[in-house]
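The values are calculated or read from the model by the stated rules, or taken from the named source; none is laboratory data. Keep in mind it's a predicted model, so treat the numbers as computed, not measured. Cβ atoms come from the backbone with ideal geometry, glycine included; neighbour counts cover every protein chain shown.
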There are 2 protein chains.
Amino acid sequence: MSDFSEVEINAVYRAISERRDMRHFLPDPIDEALLARLLGAAHLAPSVGFMQPWRFLRIRDSSLRRSIHSLVEAERVSTARALGEREQEFMRLKVEGVLECGELLVVALMAGREAHVFGRRTLPEMDLASAACAIQNLWLAARAEGIGMGWVSMFEPEALRELLKLPQGSRPIAVLCLGHVTAFYPRPMLEEQNWARRCDLRSVVAECWSDPQDAGASPPGQG
Amino acid sequence: MSDFSEVEINAVYRAISERRDMRHFLPDPIDEALLARLLGAAHLAPSVGFMQPWRFLRIRDSSLRRSIHSLVEAERVSTARALGEREQEFMRLKVEGVLECGELLVVALMAGREAHVFGRRTLPEMDLASAACAIQNLWLAARAEGIGMGWVSMFEPEALRELLKLPQGSRPIAVLCLGHVTAFYPRPMLEEQNWARRCDLRSVVAECWSDPQDAGASPPGQG
C-alpha cells in the first residue's frame, strides 16, 4: 500500500506521460515564484555521492540569448550535413525555441568534479546522469505547472562555455527553453513528424540478453 | 493556468521531494502489473533525437544476483581505498541493497549508438542523459506507488557487461534495487549520516558566472 492517494499516484503518471520536448512557445515571462519552484524541484534530484554537480545559469541578456541561438543554429546546420540522406528532412524540423521562449536556462556540470569518487570511480559519467535527473525533475514539475520545456543539445560545448565565461573544467550540457505554450503536443513532436517511432516496450525490457522472453521482440541492444 | 489541478501539481512536487535513494528493503516481491507500470513510465522519458537508448534487464536468477553483488562489493572496497582519509567512514555506510531487494534491474545503453547523430554530434553523452531521465521517471513513479529504489553505480561496467552477456558496445550504467520498504528515509541517507550536505539553492543558480547575484553564495562551478 502506498502512502500516496490514487489521485496523487495518477498525477505523477500523468506528468510523466504528458511531458513533451517543446519547441513552440508564447513569449510571456514565467512568474518568478513559479521559476523558483521549478529550480527547487531540480535541486531535489538524486546525485551520485550527493555531489550535486548541476549548475543553472539564467540567461537574462537578450544579446547573449542571440549569441546562444547562433551557436545552436551553426550546430543545426552541421548536424544536418552529418545526417546525409536525411539532411533536408532534418532541416524542415523545428528543433528549438531559443529566441521565443519566456525563460532561457543553461545547465552545466560544475568544475572540479574529479574530486568526487563515490559512485564514480569506474563510471565517471554519473555526474551527468545526476544532472539529467535534475533536469527531468524540472521538466515534470514544469509540465504539472502548465509550463513547456525543451532541452536543446545542439551546440559546441566549449564554445558555449567560453561565451558564458564558465570556469575551465565545467561543461554545459543543456540549453533549456522554458515558457508558456498554446498547447502541449499530443505525442512527441519527432513521432508526429515521422522522424522516429516509439519502440515497443517489450523491445527494451528482457530477462536475458541472449534469450529474449518474447520471440516477437527484437533483442535489446541489437537494434 | 495549468491544466493540472492543485492536488495534481502538489502530488508531482511531493514525489520529487519524498523520493529517496533507498538501500534498506523488505524481501517481498513487487507485483507484476506494478512493475510493468514502472517500466512503462521509464520508457516515456525524453530521449535525444527520440533514440530511446535504454535497455532494462530483469535479474531473476539468484546466482546471477549474487555475482552482481560480488562485483559491487569489490568496487565498494576499491572506492573506499580511493577515498583515502574517509575510507573507514565510507566502509560504515550502507550503499546498496542488491541481495535484499524484491526486484533487481540492470539498465544499459544499447549498442550501435554511434549511428544516432541528432542532438549528439558534439555531445555524444546525451544518450546517457536520456537513460538517466528514464531512470528518474521510474524512480518517481516508484515513490508514488510506495516502492523504494536505489541506483547502484559501484561496479566495473565491462565486467558487468560480460557477466550479463550484453552485446559489445552496450554499456551498463545502473544496477537498480527495487522493493517494498518499511519507511522512506526522511532525508537523503548521505545527509542523515553526515557524509555530505545539501547545497544552498542559491549556490547552484546564478545569472552570471563571474558576478553571482548573491554575494553570500559561492559562485557556481567554483566549489
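Within segment A:123-134, is there a residue that is free of Cβ contacts under 8 Å to residues at least 40 places away in the same chain and touching an Asp or Glu at 6+ places or on another chain (Cβ under 7 Å)?
Within segment A:123-134 (the criterion being free of Cβ contacts under 8 Å to residues at least 40 places away in the same chain and touching an Asp or Glu at 6+ places or on another chain (Cβ under 7 Å)), the answer is yes, since at least one residue qualifies.
Of all residues in segment B:160-180, which are surrounded by fewer than 17 Cβ atoms within 10 Å (Cβ to Cβ) and more than 9 Å from chain A (Cβ to nearest Cβ)?
Listed by number, the residues that qualify are B:GLU162, B:GLN168.
Looking at segment A:1-11, which of its residues are without any contact (Cβ under 8 Å) to a residue 12 or more places away in the chain and either basic (Lys, Arg) or assigned to a helix (DSSP H, G or I) (or both)?
Residues satisfying the conditions are A:GLU6, A:VAL7, A:GLU8, A:ILE9, A:ASN10.
Please find, among A:ARG23, A:ARG37, A:ARG81, A:ARG14, the residue that is touching a helix residue (DSSP H, G or I) at 6+ places or on another chain (Cβ under 8 Å), in a loop (DSSP other than H, G, I, E, B) and either surrounded by 14 or more Cβ atoms within 10 Å (Cβ to Cβ) or not hydroxyl-bearing (Ser, Thr, Tyr) (or both).
Being touching a helix residue (DSSP H, G or I) at 6+ places or on another chain (Cβ under 8 Å), in a loop (DSSP other than H, G, I, E, B) and either surrounded by 14 or more Cβ atoms within 10 Å (Cβ to Cβ) or not hydroxyl-bearing (Ser, Thr, Tyr) (or both) holds for just one of A:ARG23, A:ARG37, A:ARG81, A:ARG14, which is A:ARG23.
Might you check whether a residue that is of a type in the set (Ser, Thr, Tyr), assigned by TED's automatic domain parsing to the domain that holds A:ARG161 and crowded, with 22+ Cβ neighbours inside 10 Å occurs anywhere in segment A:43-65?
yes
Of everything in segment B:121-134 that's facing chain A (nearest Cβ under 7 Å) and assigned to a helix (DSSP H, G or I), which residue is surrounded by the most Cβ atoms within 10 Å (Cβ to Cβ)?
Taking the candidates together, the pick is B:ALA132.
Filter segment A:32-66 down to residues that are out of contact with any Asp or Glu (no Cβ under 9 Å at 6 or more places or on another chain) and either of a type in the set (S, T, N, Q) or more than 10 Å from chain B (Cβ to nearest Cβ) (or both), then give me how many there are.
7
Just one of (1) closer than 30 Å to B:MET189 by Cβ; (2) in contact (Cβ under 8 Å) with a residue 12 or more places away in the chain trips up A:LEU160, so point out which.
(1)
Out of the residues in segment B:40-62 meeting the condition of being touching a residue at least 60 places away in the same chain (Cβ under 8 Å), assigned to a helix (DSSP H, G or I) and among the small types (Gly, Ala, Ser), tell me which one is farthest from B:GLN136 (Cα to Cα).
B:GLY49
A:ALA142 - would you say it is buried (at least 24 other Cβ atoms within 10 Å of the Cβ), assigned by TED's automatic domain parsing to the domain that holds A:HIS69, part of a helix (DSSP H, G or I) and under 17 Å from the mean Cα position of the chain (by Cα)?
yes
Take segment A:63-113 and flag every residue that is of a type in the set (Gly, Ala, Ser) and in contact (Cβ under 8 Å) with a residue 60 or more places away in the chain.
Result: A:SER67, A:ALA74, A:GLY97, A:GLY102, A:ALA108.
Hey, among the residues in segment B:146-159 that are buried (at least 24 other Cβ atoms within 10 Å of the Cβ) and either within 14 Å of B:PRO29 (Cα to Cα) or of a type in the set (Phe, Trp, Tyr) (or both), which one's farthest from the other protein chains (Cβ to nearest Cβ)?
If we take residues in segment B:146-159 being buried (at least 24 other Cβ atoms within 10 Å of the Cβ) and either within 14 Å of B:PRO29 (Cα to Cα) or of a type in the set (Phe, Trp, Tyr) (or both), then B:GLY148 is farthest from the other protein chains (Cβ to nearest Cβ).
(1) under 28 Å from A:PRO29 (Cβ atoms); (2) at the interface with chain B (Cβ under 7 Å from one of its Cβ atoms): which one isn't true of A:LEU138, the others all being true?
So the condition that A:LEU138 fails would be (2).
Would you check which residues across segment B:145-170 are part of a loop (DSSP other than H, G, I, E, B) and among the basic types (Lys, Arg) and list them?
B:LYS165
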